[in-house]
Amino acid sequence: MTPCPVVVRKYGGTSVGSVERIRKVAKDLVNDHHRGLQQVVVVSAMAKATDQLLNMALQITEKPRPRELDMLLTTGEQVSIALLTMAVHHLGCKAIALTGAQCGILTDENYSRAKIQNVDTAKLRNELCNGNIVIVAGFQGITPSQEITTLGRGGSDTTATALAGALQAPCEIYTDVNGVYTADPSIVPDAKLLDVISYEEMLEFAASGSKVLHPRCVEIANKYNVPLQVRSSFNDVPGTLIVKEDRLEKVAITGVTGDAKICRVALTRVRDVPGIAARISRSLADAGICIRLIIQGIRHDKTNDVSLILSQQDAERARDILQPVAREVGADDVLLDTDVAKVSVIGSGVASTPGVAGRMFQALASEGINIELISTSEVRIACIIRRDQLDAAVRAIHREFDLNNLERKEINAG
């Protein structure tokens with residue numbers, strides 16, 4: 001069977017947050033279908049539906065069993081796909097709703113944070129060639145033993161790019177904002193909409209607090225070279241195109257992000273011997289906790305303070321896990337600080353442009369903001385600061401680099 005040309009589209013919870021919005025999405029899909037466009041449409045749960053389901057579970061028990069919790073949470077997306085498919089049918093167009101399992105998304109068995117292992121596109125291609133708009137439940141899959149799993153928050157983005165990669169199709173992410181900005185417009189009102197950004201920069205945006213795309217979505221798009229575009233479902237603004245770095249004109253700084261949903265866990269006065277960092281990181285990895293940053297500082301007595309930056313939701317559990325580890329490695333104490341935030345400058349020219357770090361640090365100093373930890377990569381400089389100073393930090397850095405006047409061009413598009 002010859003594969004049909006296809007585009008994968010993803011609609012977030014706000015875009016399908018009411019019957020009226022579902023009808024609008026359906027109308028847009030039907031109009032494009034009549035123009036000959038084959039569409040796989042990934043849909044999130046309606047706005048706040050997942051939170052409502054989770055709250056109900058927590059009213060039943062403080063520690064719901066992960067298997068049943070995943071079974072519960074996947075129903076939110078199933079409501080969305082059923083309603084959207086009905087809306088398309090009402091407009092006289094063929095469509096079919098499929099769960100993650102039905103459309104061939106196979107995952108590992110890590111409930112609530114499952115990773116996609118394989119995508120079988122046979123059913124998707126068959127339904128497309130039968131003239132259907134295929135409407136898929138995001139955020140979910142199934143294990144080889146037929147257990148329902150979820151992909152974690154932001155998992156619908158991951159579903160969309162995984163399907164696009166498997167189908168070798170472009171992917172459009174429709175959301176409630178016009179695209180990717182140089183900073184969060186709610187903090188910096190004159191932030192500039194970026195026409196184009198690299199996968200590498202977008203991954204740093206996503207990992208550093210930007211809420212537009214999930215990091216795993218960007219990783220998949222980069223790995224499988226999926227043409228990716230972020231745009232609003234409420235207007236015709238072209239949005240932001242995400243491309244390979246070699247197709248961009250480099251700039252020192254593309255944007256600034258802030259992340260308030262982090263914590264700092266520090267092991268103090270750790271012995272300076274081989275294997276300590278491995279023991280600490282392995283204990284968290286075994287519990288499914290990701291370390292966002294790890295920074296080691298040497299004291300005058302040649303012991304180390306090891307600081308870990310984690311998701312705030314993992315704060316208490318990480319401290320409990322590290323208490324026995326601290327005794328094992330001879331640390332004095334395990335300190336937890338939930339009143340921290342991370343501010344980052346991101347750009348393809350960060351490593352190759354002299355003075356970027358100095359300008360960032362000076363911008364923070366001018367606002368009386370103390371830097372507690374610093375981390376760098378080829379495209380990012382991140383500083384850990386006090387949480388109540390985050391918005392001021394974002395505004396100061398955005399102003400220092402004059403990002404509202406940023407010009408970014410795509411080159412070598414051919």
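No value in this document is a laboratory result; all are computed from the given coordinates. These numbers come from a predicted model, not from an experiment. As a convention, Cβ positions derive from the backbone with ideal geometry for all residues, glycine included, and neighbour counts pool all protein chains shown.
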request  = Among (1) 74, 50, 37; (2) 69, 56, 41; (3) 82, 59, 45, find the value of Cα extents along the principal axes in Å that was calculated from the structure presented, and write down its label.
outcome  = (1)
task = Please give, to one decimal in nm, the separation of the simple spin-label points placed at Asp120 and Asn55, each 7 Å out from Cα toward the Cβ.
result = 3.9
ask   = Roughly how many whole Å is it from the C-alpha centroid of segment 321-336 to that of segment 158-221?
value = 37
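Taking 0.36 nm per intervening residue step and subtracting the Cα-Cα distance, what contour gain separates Asp108 from Glu316 on full extension? Display every interim value, and only then the final one.
Working: separation 208, 0.36 × 208 = 74.88 nm, distance 2.61 nm.
Additional length available on full extension: 72.3 nm.
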message = As I understand it, the value is the acute angle between the Cα axis of helix 155-167 and the longest principal axis of the Cα atoms of the chain; what does it come to in degrees, rounded to 10?
response = 60
remark   = Longest principal axis of the chain (C-alpha) makes with the long axis of helix 19-34 (C-alpha) an angle, in degrees to the nearest 10, of 60
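What does the helix-only formula give at 222 nm for the chain: each DSSP H stretch with n ≥ 4 adding -39500 (n - 2.57), the total divided by the residues, and the result rounded to the nearest 500 deg cm²/dmol?
Details: 12 runs with 139 residues, N = 414.
Calculated from helices alone, the mean residue ellipticity at 222 nm is -10500 deg cm²/dmol.
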note = Here segment 51-175 gives, from Cα atoms, an Rg and Dmax in Å of 15.0, 46
task = Just grab the label-to-label distance for Arg269 and Met71, each label 7 Å out from Cα along the Cβ direction, in nm (one decimal).
result = 5.1
message = With the crude spin-label approximation of a point 7 Å out along Cα→Cβ, what separation in nm comes out for Ala392 versus Asp190?
response = 2.1
note = Rounded to the nearest 0.05, FRET efficiency between Arg299 and Asp337 (Cβ-Cβ, R0 22 Å) equals 0.75
query = Residue separation times 0.36 nm, minus the C-alpha to C-alpha distance between Cys290 and Arg327: what's the value?
reply = 11.2 nm
ask   = Taking Cα atoms, how many degrees apart are the long axis of helix 315-329 and the longest axis of the chain, rounded to 10 and kept between 0 and 90?
value = 40
ask   = lysines within cross-link reach of Lys244: Cα-Cα under 28 Å, excluding same-chain residues under 8 positions apart?
value = Lys10, Lys115, Lys192, Lys211, Lys223, Lys342, Lys409
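With +1 on each Lys and Arg Cβ and -1 on each Asp and Glu Cβ, how big is the dipole of segment 7-176 about its Cα centre, in debye rounded to the nearest 20? Intermediate values should be presented prior to the final figure.
Details: 17 positive and 16 negative charges, 62 e Å.
Roughly 300 debye, rounded to the nearest 20.
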ask   = Which of Ala162, Val212, Val177 sits farthest toward the positive end of the charge dipole of the chain, with +1 on the Cβ of Lys and Arg and -1 on the Cβ of Asp and Glu?
value = Ala162
query = To the nearest 0.05, how large is the calculated FRET efficiency for Ser366 and Asn130 if R₀ is 45 Å and r is the Cβ-Cβ distance?
reply = 0.15
request  = Might you report the magnitude of the Cβ-based charge dipole of segment 46-127 about its Cα centre, with Lys and Arg at +1 and Asp and Glu at -1, to the nearest 20 debye?
outcome  = 120
